[in-house]
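First the structure, in the form of structure tokens, and then the observations on it.
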Amino acid sequence: MTPDHTFDAVATAVAAHQHLPGALMPILHAVQDALGHIPADAVPSIAKALNLSTAEVHGVVTYYHHFRSAPAGRQVVQICRAESCQSMGGEQLWAHACVRLGLHGDHPGTTPDGAVTLEPVYCLGLCASSPAMVVDAKLHARMNIQKFDRLVAQAGSAA
Amino acid sequence: MIIYVPCDSAALAVGADEVALAVQAEADRRGLAIELRRNSSRGLFWLEPLVEVVTPAGRIAFGPVAEEDVASLFDAAWGASHPLHLGRPEDMPFLQKQERLTFARMGITRPLSLADYEAHEGFAGLRKALQLSPAEVVQQVLDSGLRGRGGAAFPAGIKWKTVAAAQAAQKYIVCNADEGDSGTYSDRMTMEGDPFMLIEGMAIAAVATGATQGYVYIRSEYPHAVATMRSAIELATAAGFLGEQMLGSAHSFHLHVRMAAGAYVCGEETAMLESLEGKRGIVRAKPPLPALSGLFGKPTVINNVITLASVPIILARGAAFYRNYGVGRSHGTLPIQLAGNILHGGLVEKAFGVTLRELMYDFGGGSASGRPIKAVQVGGPLGAYVPESQWDIPLDYEAYAAVGAVVGHGGIVVHDDRANMARLARYAMEFCAIESCGKCTPCRIGSTRGVEVIDRIRDGENRPQQVQLLRDLCDTMVHGSLCAMGGMTPFPVLSALNHYPQDFGLPV
Ligand SMILES: Cc1cc2nc3c(=O)[nH]c(=O)nc-3n(C[C@H](O)[C@H](O)[C@H](O)COP(=O)(O)O)c2cc1C
Ligand code: SF4
Ligand code: FES
């Protein structure tokens, strides 16, 4: 991502939302929607536009699980690890994903080749059809290991 | 021929869009003219995608329909001979036994059709409210006995009355749509499936209190709900149900959607206000009450989605109608969400007083795995695990409190006999450690210590002492936490320990 890109995305987000009461969250969402994450060099200009300190904006970005400070992999996989999904084998699905992608269950992150980012989520509201997950913003419920391997590009081949 | 395919997230997650495409393609291939409609879900999630066709005998359901089934459904002329034929939805026992007041339209109407909404009693409550004085509207809500459905069960009318009486140039209505509890989805269904109902409830709250601005704070895990609410607000505003001089009255109400960002504690009302103001979601000390000094320091009504969505029918049919449902001081109905290891998972709206056993067996059909049910967590991650000896207690805020359990937002997560309750207790502490806002020590540090102590108990290290330590720690969390995050995490932990000691390596 070039800094120009960042600059444009921030300028657009700020212009669209600056006038709102409590504008910071809408601006951060807009930047992340545009760039896939909130780059560190976006923070000072957001802070300046809202008359906040850089530390305040940084504090908000890092407080919320949804905001990323670094780019994600080409595919983003989120597996629900909350109770309802646990009761239907969600943890086995999580463990399978970690093994298949070669990631560590406690701090999964992105595969070294940048192909897949794996993240936990805590409930998707699909608890009557657990276990559930998201692949690139598309929801999947009544999951199982075979379905996982079909949906996650790299998972079927890696071992 | 009119064919309905739901657009609820839970239907999409099992292929509803693909089925809808296949239905249209197959109809085109056969040269049949069909009208494909995307309705909300009836909440019978084990049958999704639940496809319905309109016939002279009413709507006839088929499900769960996969893409591969579509050709054969046309071959069978959508008749009773097809193996997926379910008959009329309203004849199905799962629906027949319910008392759907708030969810009456669910699965029947199209979420963004104002015409469908109005044809099914939509905006009757708001029209009624506009004929009454604000004080009379508040009185209706007070008289209905409606209590907050977000967890704390505080009477909605009292909150409204406080805000109505407050003197301020600006007041707000904030809808808490953060729905972070595992096992809950009734807020999501409402926003995706019947968004005008929530809008109507919030507009009535505005009329009652004099608020002119409103926010719906929706969790980022619900992008479909965010999109549907935004569209619904635009449509309702364009049609005069929101905005300046609603329906030609003297009342104005402007409604906005705000997306949260994945912090469970932002469901706590004051943390939510901080987040709406553009800050980290750290819990505020009370007082001041949000009703007097809430969003941007102004008087604010904060209610859960279902609380607000219950208001239109109360206004339309009268407080007494609603109040007559329920038991004790728990009036009305609750949209209960069956989840987890359950054969027939879905939305059951029932008057208070129904038992867990009825819910899990008569509605839910027992476990999905076919194995014995061992434990049920009611009321989300801060709710107690309820053992079989308590499954016949009527669902009632006070009766649950008497056994150390909570009704909460009405989520019911079923676990079969393979569940290890010490592991689930550990998870409760871990979740608290991940989601703590960090303001108070018992919650921030205590939860991490709790994970360690439970690990030692499971490993059999000095077990009796460690169990005592866990109890002391829970006691500190209950009494020393500012909000229910730290204050109620001990509920699942201690209920697991007390009712399932064997899973902690302790004698029964
Ligand atoms: C940690 C925590 C999370 C909460 N999450 C939610 C939530 O997601 N939705 C909700 O309506 N209430 C939630 N609550 C309860 C709210 O603080 C508040 O009581 C509620 O929004 C008030 O609305 P009601 O009176 O209509 O229930 C939560 C409370 C705590 C302590
Ligand atoms: S109990 Fe936990 S979540 Fe609640 S205010 Fe204290 S630290 Fe924050
Ligand atoms: S617990 Fe996984 S979707 Fe709700």
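Each value in this text was obtained by applying a stated rule to the coordinates, not by laboratory testing. As the structure is a computational prediction, the values presented were derived from the model and not from experiment. A quick note on method: Cβ atoms are made from the backbone with ideal geometry, for glycine too, and the neighbour counts reach across all protein chains shown.
Quick check: net charge around A:T111, other residues with Cβ under 14 Å of its Cβ, Lys/Arg +1 and Asp/Glu -1?
0
What share of Cα pairs, in percent, lie more than 14 angstrom apart in region A:80-122?
44 percent
Nearest 500 deg cm²/dmol is fine: what mean residue ellipticity at 222 nm does chain A get from its DSSP H runs of n ≥ 4 alone, each adding -39,500 (n - 2.57), divided by its residue count?
-12500 deg cm²/dmol
Which log10 I(q)/I(0) values, to two decimals, does the protein assembly as shown give at q = 0.06, 0.08 Å⁻¹ under the Debye formula with one point per Cα?
Each listed q maps to, in turn, -0.32, -0.59.
Among the DSSP beta bridges whose two residues both lie in chain B, what percent are antiparallel, rounded to the nearest 5?
55 percent
Report the calculated FRET efficiency for B:E67 and B:F154 (r = Cβ-Cβ distance, R0 = 41 Å), to the nearest 0.05.
Plugging the Cβ-Cβ distance into 1/(1 + (r/R0)^6) gives 0.30.
How many times 2.2 N^0.38 Å is the alpha carbon radius of gyration of chain A?
1.17
Viscosity 1.306 mPa s, temperature 10 °C: give me the Stokes-Einstein translational D for region B:62-147 in µm²/s, with Rh taken as the Kirkwood radius over C-alpha pairs.
So the translational diffusion coefficient is about 95 µm²/s.
Can you give the convex hull volume per residue for the Cα atoms of region B:333-438, as a whole number of Å³?
104 Å³
Counting only helical runs of four or more DSSP H residues, what would the 222 nm mean residue ellipticity of chain B come to if each run contributes -39,500 (n - 2.57) and the total is spread over all its residues?
-11000 deg cm²/dmol
Would you compute, for the Cα atoms of region B:272-374, the largest minus smallest coordinate along each principal axis and list the three values in descending order, in whole Å?
Principal axes ranked by extent give 52, 38, 21 Å for the Cα atoms.
Straight-line reach from B:K128: which lysines have Cα under 26 Å away, leaving out those fewer than 8 places along the same chain?
B:K159, B:K161, B:K171, B:K350
Which distance in Å, rounded to a whole number, links the C-alpha centroids of region B:46-105 and region B:356-413?
The distance from the Cα centre of region B:46-105 to that of region B:356-413 comes to 29 Å.
Under 20 °C and 1.002 mPa s, how fast does region B:157-218 diffuse according to Stokes-Einstein, given a Kirkwood radius computed over C-alpha pairs? Answer in µm²/s, whole number.
Rounded to a whole number, D works out at 169 µm²/s.
Can you tell me the mean projection area, over all orientations, of the convex hull of region B:1-117's alpha carbons? Units nm², please.
7.2 nm²
Which of the chymotrypsin sites (Phe, Trp or Tyr not before Pro) found in region B:339-392 are in a DSSP loop and have at most 16 neighbouring Cβ atoms, other than their own, within 10 Å?
Those satisfying the criteria are B:W391.
So how compact is region B:399-508: Cα radius of gyration and Dmax in angstrom?
According to the Cα coordinates of region B:399-508, Rg and Dmax are 13.5, 38 Å.
With no solvent and one point per C-alpha, what does the Debye sum give as log10 I(q)/I(0) for region A:31-122 at q = 0.12, 0.13 Å⁻¹?
The Cα Debye sum returns log10 ratios of -0.48, -0.55.
Computed over the Cα atoms, what is the radius of gyration of region A:2-78 divided by 2.2 N^0.38 Å, N being its residue count?
1.03
Beyond 37 Å, what share of the Cα-Cα pairs of chain B is found? Please give it as a whole percent.
More than 37 Å apart: 31 percent of the Cα pairs in chain B.
B:G267: net charge of surrounding residues, Cβ under 9 Å, Lys/Arg +1, Asp/Glu -1, itself excluded?
So the environment of B:G267 carries a net charge of -4.
Please list, short to long, the whole-number percent of alpha-carbon pairs of region B:50-207 in consecutive 5 angstrom bins beginning at zero.
1, 7, 13, 15, 16, 14, 11, 7, 6, 4, 3, 1, 0, 0
So if I take the centroid of the Cα atoms in region B:423-475 and the same for region A:110-132, what is the distance between those two points in Å?
26 Å
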